[in-house]
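K.L.:
Before I ask anything, here is the structure I am working with.
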Amino acid sequence: MRQIKFINSNWLYRAEFKEEYINGNINENDFTKVDIPHTNIELPYNYFDEREYQFISCYAKRLNLDSNNKGKKIYVDFEGVMLACDVYLNGNHITSHKGGYTPFSADITDFIKYDEENILVVKVDSTERKDIPPYGNVVDYLTYGGIYREVSLRIVDQTHINNIYTRTYNCLEESKKLEVDVEINNCGNDDKFNVSVQLLDNENVLYSVEKELEINKDMSINTLQIDDIKGLELWDLDNPKLYSVKVELRKDNEVIDSYSDRIGFRDAKFTTEGFYLNGKLTKIVGLNRHQSYPYVGYAMPERVQKKDVEILKYDLGLNLVRTSHYPQSRHFLDRCDEVGILVFEEIPGWQHIGDLDWQALAIKDVEDMIKRDYNRPSVILWGVRINESQDNHDFYTRTNKLARELDPVRQTGGVRYIHKSEFLEDVFTLNDFAHNGGERVFITQKEATGLDYKVPYLVTESNGHMYPTKSFDHEAKAVEHAHRHLRVINEVLGSEEISGTISWCAFDYNTHSCFGSGDKICYHGVMDMFRNKKYAAYSYASQKDCKDGIVLEAITEACRGERDGGGIIPFSILTNCDYVKIYKDGEYINEYHPDRNTYKNLEHPPINVYHILSSDLNLPVSDEDKNAIRNFVINKVKTGNLVDLTPEDYNFFGQIAARANITVPMILGVVYKLAGGWGEKENMLTIEGYINGEAVISKTIGELRWRSGIEVIPDDTVLSIDKTSYDATRVVVKIVDSLGNPLKFNNEFVEVEIDGPAKVMGPSKFGLVAGTSAFWIRTIGEAGEVKIKVKGMYFESEAKIDII
Ligand code: GAL
């Protein structure tokens, strides 16, 4: 039977490599003790030199195996080493690997010394080698360095299961079918074995099949199938039901290997009419995700990877994530399977196609990606083009052919930005950046494909560099950012030719000098690098069903001095409430409803507030004239600046003034005052959200506020030492005002103190960005209580985490 031992703690690491290390000639004083996932160098948050991570380093691990393991096959499985590496055991070269996003195994069987210490040495080349995808030209993301995904030891019999590839059929019928390719590695002789496949719901075996098979030496694939499977639940977005498949290999009634994986029964298909999940037309609304984090780059453990999925699914309400531009952590994808979010996964690359050797590596990436993630119900599309590359008929014919041979069920896509480029995939996937704030949101399918027939079609990027927005940008910019995302969602929901949109992007990310804002950050996220929300995040969150959480966010600082020209109207409220009521300084103003004219297709269009004039207007004019004045303000605010009055406007006010026997300035004074104008006392607005006629949420915004405290909010309050590597969680820090709102223009310094068995990943002193930030803390192998104190310049606060 197989044994899997994770070997992620206590590696020796040195930021350089010497040939003598290969033979285990390692002076521990020259090395640091590290745990995997590990980044070869911690980087500052921004303004660093990206050459800092580009070097060759050495990782070493002492291994002991007792002689009971003699006769077994022993592998070291690496899940991700950036960017290339050579693996040695006891001075022997075992294997090399090129490419940082796909797993590989080192067969150390022949070089192990039993009952003695073995030294495993990995030479890790994290330079941006032009011969390995994504490199060869510039790339708009960083790849960092090190053994940044987990490592394990796999001890199996000479004949063992290497992998299984499951396919489900007739999912929409009562009677379903499961096909399982069992990949067996026979390092012994040709022989007969029994292979069984069980379909389980938790521990309960629902169906099983067994066959005696002649298994030849080397690698072979044998297909078993279970027909007429009944009574199953489908894997769906709201009910991501997972089953498992367990495969056993038996010799003379003894189980010699057993392998399990989770699967889901679901039917996913892009058609010319759109994307169907389980027979239901489902508009895709998603975002692209880079797997990077501040300071530690790619090196984040399971819980943190999974948290990103939870943010995308539960906080933002998305139904798809694109793993731009490479296969991402298995933990991330596990969580996608578990929570019900679809995945478009693609091979590493960025615009550049290298020579034939380079292409061979990309083709191997196709194979490794598909083989790793074959059984995942969340994955609905394989991306088999280098993101945004030129056409290359031969190369992309090969990537498509391979993907279809390996996986005859899933469709292929290939992300392009070049219109009318050659369509070799099943789904035409285009990065459509047509929207620049004007009327036009997307080009037509025909303009994109150049074909005179309809094809399955998906927009895989929009926004991003068209409108980079920092969380501390001027309000008007952040608001337009939110509206651009809303426009994209609105457009796609109303389109009959686009299956969905995956905008750019979920989180800000570190990048190379030739991209970003000069500080090595691309501010393209709807959330910052710490996963804190910008206004645009609420463009997505507000589209959620209110049963998944009530959202009400006025995307304004509600402060007249932040606006060009002053004033606090208009502003938008992003909410999934039916309508809102607004009170100004305690006085009821009005009820406001979603703008269904501008955003016809959104479930929850924004509520635009164009006036905050109370109904009595405080003027001795008729009700009719009060209405006329209110409508005047609304129109003026919608079309431009309330201050910029024309002779016709004066004439309009003149007539009202004459009727009421008052002066025009009297009316204007009231209008400006009530519109929240310059030179009046602070505005305070309370916004109440209503669902089915009931008030369900209330928030107060406005000018009369001040910093009043610091919030320290861990994502998790319990961490575990019983994980495959160290555990970690994010702790969000927020300076809040007297209303409980974050202080967008605060950038004070904070300092973190930890008391207990944990440590901060990255610096413990940092400046806040837009009044907020976060840090991650990780376990160090001991259980206990951890007190986290965060001291700001004026306040401090504590949180507690238990490590069990
Ligand atoms: C795209 C590219 C992405 C990112 C984005 C920024 O062209 O595919 O990786 O660079 O632009 O908007």
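The values are calculated or read from the model by the stated rules, or taken from the named source; none is laboratory data. None of the values given here were measured: they were computed from a predicted structure. Methodologically, a virtual Cβ is constructed for each residue, glycine included, from the backbone with ideal geometry; neighbour enumeration extends over all protein chains shown. Keep in mind that these areas ignore ligands, DNA and RNA; they rest on the heavy atoms of the full protein, side chains included. Shrake-Rupley method; radii C 1.70, N 1.55, O 1.52, S 1.80 Å.
K.L.:
Suppose we filter Ser539, Ser503, Ser471, Ser517 for residues that are of a type in the set (Ser, Thr, Tyr), more than 16 Å from the ligand (Cβ to nearest atom) and either not in a loop (DSSP other than H, G, I, E, B) or not assigned by TED's automatic domain parsing to the domain that holds Arg416 (or both); which single one remains? Break it down stepwise before answering.
P.N.:
Numbers: Ser503 fails: more than 16 Å from the ligand (Cβ to nearest atom); Ser471 fails: either not in a loop (DSSP other than H, G, I, E, B) or not assigned by TED's automatic domain parsing to the domain that holds Arg416 (or both); Ser517 fails: more than 16 Å from the ligand (Cβ to nearest atom).
Exactly one of Ser539, Ser503, Ser471, Ser517 is of a type in the set (Ser, Thr, Tyr), more than 16 Å from the ligand (Cβ to nearest atom) and either not in a loop (DSSP other than H, G, I, E, B) or not assigned by TED's automatic domain parsing to the domain that holds Arg416 (or both), namely Ser539.
K.L.:
Which of the residues spanning region 326-364 are within 16 Å of the ligand (Cβ to nearest atom), hydrophobic (A, V, I, L, M, F, W, C) and within 20 Å of Ser503 (Cβ to Cβ)?
P.N.:
Phe344, Trp350
K.L.:
Additional query: Just the residues that are touching a residue at least 12 places away in the same chain (Cβ under 8 Å) and either in contact with a His (Cβ under 7 Å, 6 or more places away or on another chain) or part of a helix (DSSP H, G or I) (or both), please, taken from region 65-74. Walk me through how you get there before you give the answer.
P.N.:
Here is the first cut: in region 65-74, the ones touching a residue at least 12 places away in the same chain (Cβ under 8 Å) are 65-67, 69-74.
Across region 65-74, the qualifying residues are Ser67, Asn69, Lys73.
K.L.:
Out of the residues in region 606-662 that are open to solvent by 80 Å² or more (accessible area, probe 1.4 Å) and closer than 30 Å to Tyr540 by Cα, state the one that is modelled with the lowest pLDDT.
P.N.:
Selected residue: Thr639.
K.L.:
Taking only pairs six or more apart or across chains, which ones have beta-carbon atoms under 6 Å, a first residue in region 512-528 that is under 24 Å from Lys307 (Cβ atoms), and a second residue that is hydroxyl-bearing (Ser, Thr, Tyr) and more than 14 Å from the ligand (Cβ to nearest atom)?
P.N.:
Asp528/Ser471
This table checks each residue for (1) more than 19 Å from Leu430 (Cβ to Cβ); (2) open to solvent by less than 10 Å² (accessible area, probe 1.4 Å); (3) among the hydrophobic types (A, V, I, L, M, F, W, C).
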| residue | (1), (2), (3) |
| --- | --- |
| Leu493 | no, no, yes |
| Gly500 | no, yes, no |
| Cys505 | no, yes, yes |
| Tyr509 | yes, yes, no |
| Cys522 | yes, yes, yes |
| Met529 | yes, yes, yes |
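K.L.:
Please determine whether any residue of region 422-434 is within 16 Å of Phe270 (Cα to Cα), open to solvent by less than 30 Å² (accessible area, probe 1.4 Å) and assigned to a loop (DSSP other than H, G, I, E, B).
P.N.:
So in region 422-434, the residues within 16 Å of Phe270 (Cα to Cα) come out as 423-430.
With open to solvent by less than 30 Å² (accessible area, probe 1.4 Å) added as a condition, the list becomes 425, 427-430.
Restricting the remaining residues to those that are assigned to a loop (DSSP other than H, G, I, E, B) gives 425.
Yes, the conditions are met somewhere in region 422-434.
K.L.:
Condition first: open to solvent by 10 Å² or more (accessible area, probe 1.4 Å), more than 21 Å from Leu743 (Cβ to Cβ) and part of a strand (DSSP E or B). Now tell me which residues in region 552-583 satisfy that.
P.N.:
Tyr579, Lys581, Tyr583
K.L.:
Output the residues belonging to region 474-485 that are within 15 Å of the ligand (Cβ to nearest atom) and open to solvent by less than 10 Å² (accessible area, probe 1.4 Å). Break it down into steps so the answer makes sense when it comes.
P.N.:
Start the filter on region 474-485 by keeping residues that are within 15 Å of the ligand (Cβ to nearest atom), which leaves 481, 484-485.
His481, His485, listed by residue number.
K.L.:
In this structure, does Gly693 turn out to be on the phi > 0 side of the Ramachandran plot and either among the hydrophobic types (A, V, I, L, M, F, W, C) or open to solvent by 30 Å² or more (accessible area, probe 1.4 Å) (or both)?
P.N.:
Details: on the phi > 0 side of the Ramachandran plot: yes; either among the hydrophobic types (A, V, I, L, M, F, W, C) or open to solvent by 30 Å² or more (accessible area, probe 1.4 Å) (or both): yes.
So Gly693 passes the test.
K.L.:
Would you pick out the residues in region 42-64 that are assigned to a loop (DSSP other than H, G, I, E, B) and crowded, with 19+ Cβ neighbours inside 10 Å? Break it down stepwise before answering.
P.N.:
So the first thing to find is which residues in region 42-64 are assigned to a loop (DSSP other than H, G, I, E, B), and the list is 42-49, 54-55.
Hits for region 42-64 are Leu43, Tyr45, Gln54.
K.L.:
Consider Val121 carefully, then state whether it is modelled with pLDDT of 95 or more, in contact with a helix residue (DSSP H, G or I) (Cβ under 9 Å, 6 or more places away or on another chain) and crowded, with 20+ Cβ neighbours inside 10 Å.
P.N.:
When the stated conditions are applied, Val121 passes them.
K.L.:
Also, quick follow-up: Closer than 30 Å to Gly145 by Cβ, outside any helix (DSSP H, G or I) and in the same structural domain as Gln445 (by TED's automatic domain parsing), is that true of Ile498?
P.N.:
Values: closer than 30 Å to Gly145 by Cβ: no; outside any helix (DSSP H, G or I): yes; in the same structural domain as Gln445 (by TED's automatic domain parsing): yes.
Judged against the criteria, Ile498 is not a match.
K.L.:
Please verify whether Glu491 is under 24 Å from Ile380 (Cβ atoms), more than 13 Å from the ligand (Cβ to nearest atom) and assigned to a helix (DSSP H, G or I), treating the condition exactly as stated.
P.N.:
When the stated conditions are applied, Glu491 passes them.
K.L.:
A further question follows. I want to confirm something. Restricting to region 548-586 and keeping residues that are charged (D, E, K, R) and modelled with pLDDT under 95, which single residue is nearest to Leu287 (Cα to Cα)? Before you say what the answer is, go through the steps one by one.
P.N.:
Just the residues of region 548-586 that are charged (D, E, K, R), to begin with: 548, 553, 557, 560, 562-564, 578, 581, 584-585.
Next cut, modelled with pLDDT under 95 only: 557, 560, 562-564, 584-585.
Numbers: Glu557: 26, Arg560: 33, Glu562: 30, Arg563: 30, Asp564: 31, Lys584: 37, Asp585: 39 Å.
Here the answer is Glu557.
K.L.:
Out of curiosity, is Ile780 open to solvent by 10 Å² or more (accessible area, probe 1.4 Å), out of contact with any Ser or Thr (no Cβ under 8 Å at 6 or more places or on another chain) and either modelled with pLDDT of 95 or more or hydroxyl-bearing (Ser, Thr, Tyr) (or both)? Can you show your working first?
P.N.:
Working: open to solvent by 10 Å² or more (accessible area, probe 1.4 Å): yes; out of contact with any Ser or Thr (no Cβ under 8 Å at 6 or more places or on another chain): yes; either modelled with pLDDT of 95 or more or hydroxyl-bearing (Ser, Thr, Tyr) (or both): yes.
Judged against the criteria, Ile780 is a match.
K.L.:
Does Ile667 satisfy the criteria of being open to solvent by less than 60 Å² (accessible area, probe 1.4 Å) and free of Cβ contacts under 8 Å to residues at least 60 places away in the same chain? Step through it out loud before you land on a result.
P.N.:
Details: open to solvent by less than 60 Å² (accessible area, probe 1.4 Å): yes; free of Cβ contacts under 8 Å to residues at least 60 places away in the same chain: yes.
Yes; evaluated as a whole, the condition is true for this residue.
K.L.:
Test Lys401 against the criterion of being basic (Lys, Arg), within 30 Å of Arg167 (Cα to Cα) and outside any strand (DSSP E or B), and give yes or no.
P.N.:
Details: basic (Lys, Arg): yes; within 30 Å of Arg167 (Cα to Cα): yes; outside any strand (DSSP E or B): yes.
The answer is yes for Lys401.
K.L.:
Is it the case that Asp727 is in contact (Cβ under 8 Å) with a residue 40 or more places away in the chain, among the acidic types (Asp, Glu) and closer than 27 Å to Lys534 by Cβ? Quick ask: steps written out before the conclusion?
P.N.:
Values: in contact (Cβ under 8 Å) with a residue 40 or more places away in the chain: yes; among the acidic types (Asp, Glu): yes; closer than 27 Å to Lys534 by Cβ: no.
In short, no.
K.L.:
Quick check on this structure: which one of Arg376, Arg372 is basic (Lys, Arg), within 30 Å of Val339 (Cα to Cα), away from the ligand (no atom under 16 Å from the Cβ) and open to solvent by 30 Å² or more (accessible area, probe 1.4 Å)? Walk me through how you get there before you give the answer.
P.N.:
On the way: Arg376 fails: open to solvent by 30 Å² or more (accessible area, probe 1.4 Å).
Going through Arg376, Arg372 in turn, the sole match is Arg372.
K.L.:
Then there is this: Residue by residue through region 379-403, note down the ones that are of a type in the set (Gly, Ala, Ser) and within 16 Å of the ligand (Cβ to nearest atom). Quick ask: steps written out before the conclusion?
P.N.:
As a first pass, look at region 379-403 and keep what is of a type in the set (Gly, Ala, Ser): 383, 389, 403.
Those that are of a type in the set (Gly, Ala, Ser) and within 16 Å of the ligand (Cβ to nearest atom): Gly383, Ser389.
K.L.:
Hey, can you tell me all the residues within region 335-375 that are free of Cβ contacts under 8 Å to residues at least 60 places away in the same chain and in contact with a strand residue (DSSP E or B) (Cβ under 8 Å, 6 or more places away or on another chain)?
P.N.:
Correct list: Cys336, Val343, Glu345, Val366, Ile370, Asp373.
K.L.:
Against the definition (more than 30 Å from Thr159 (Cβ to Cβ) and in contact (Cβ under 8 Å) with a residue 60 or more places away in the chain), how does Glu50 come out, yes or no?
P.N.:
yes
K.L.:
Does region 230-252 contain any residue that is crowded, with 19+ Cβ neighbours inside 10 Å and farther than 30 Å from Val339 by Cβ?
P.N.:
yes
K.L.:
A follow-up question, please. For residues that are within 16 Å of the ligand (Cβ to nearest atom) and assigned to a helix (DSSP H, G or I), scanning just region 439-468, find the one that is nearest to Ala506 (Cα to Cα).
P.N.:
First, pick out the residues of region 439-468 that are within 16 Å of the ligand (Cβ to nearest atom): 441-443, 448, 458-468.
With the extra rule that they be assigned to a helix (DSSP H, G or I), the set shrinks to 448, 464-466.
Details: Ala448: 25, Gly464: 10, His465: 13, Met466: 15 Å.
That would be Gly464.
K.L.:
Could you list, in sequence order, all residues of region 332-344 that are under 12 Å from the mean Cα position of the chain (by Cα) and either acidic (Asp, Glu) or under 19 Å from Met82 (Cα atoms) (or both)? Let's see the steps before the verdict.
P.N.:
We begin by selecting, within region 332-344, every residue under 12 Å from the mean Cα position of the chain (by Cα); these are 332-333, 335-336, 341-344.
The answer is Phe332, and nothing else.
K.L.:
Looking at (1) among the aromatic types (Phe, Trp, Tyr); (2) in contact with a strand residue (DSSP E or B) (Cβ under 7 Å, 6 or more places away or on another chain); (3) assigned by TED's automatic domain parsing to the domain that holds Phe571, which is the only condition Tyr672 fails?
P.N.:
Every condition holds for Tyr672 apart from (2).
K.L.:
Ok, one more. Only one residue in Tyr88, Tyr101, Tyr114 is touching a residue at least 60 places away in the same chain (Cβ under 8 Å) and more than 18 Å from Glu19 (Cβ to Cβ), so which one is that? Steps first, answer last, please.
P.N.:
Working: Tyr88 fails: more than 18 Å from Glu19 (Cβ to Cβ); Tyr114 fails: touching a residue at least 60 places away in the same chain (Cβ under 8 Å).
Selected residue: Tyr101, the only one of Tyr88, Tyr101, Tyr114 that is touching a residue at least 60 places away in the same chain (Cβ under 8 Å) and more than 18 Å from Glu19 (Cβ to Cβ).
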